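Enquirer: Here it is, the structure in full.
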Amino acid sequence: MSKDLETFIRAAHAAGVARRLADLAQEVDAVIASYPRYGGVRYLNRLIEQRRRMAAPDLALVAHLTAELCARDARVLTALLPLAQRLTADHPCLRKVTALVDQPAVRKVA
């Protein structure tokens, strides 16, 4: 993992991705805990896989959650955009973040 990518992931987590992952994991755990004893195995397996992804998020998930945070808070976008722009060529999933620059609502707040 490049130093820039490592820095981006750390910054995204500090900006709120870690909190969002924890919240999502809690929601998934609650659904699993209340899952009917004789419910469908396929859906339960999907929930278990989601919980696994929350515990060990891949870059695509981090990028998605980062884009959500950036869309709500232009300060987060301003902080993370330079790194995201440098990394987008090697990590296309970060286009979700860099594309927000063209959004009028985000641009006005920035």
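Just so it is clear, none of the values below were taken in a lab; they were calculated from the coordinates. On a predicted model such as this, the values are computed, not experimentally measured, just so you know. All Cβ positions, glycine included, derive from the backbone under ideal geometry; neighbour counts span all protein chains shown.
Enquirer: From the list ASP73, ASP23, ASP4, ASP29, which one is surrounded by 13 or more Cβ atoms within 10 Å (Cβ to Cβ), among the acidic types (Asp, Glu) and more than 24 Å from ARG95 (Cα to Cα)?
Expert: The conditions single out ASP29.
Enquirer: Being basic (Lys, Arg) and over 17 Å from ALA15 (Cβ atoms) is the filter here; which residues of the stretch 45-74 pass it?
Expert: Across the stretch 45-74, the qualifying residues are ARG46, ARG51, ARG52, ARG53.
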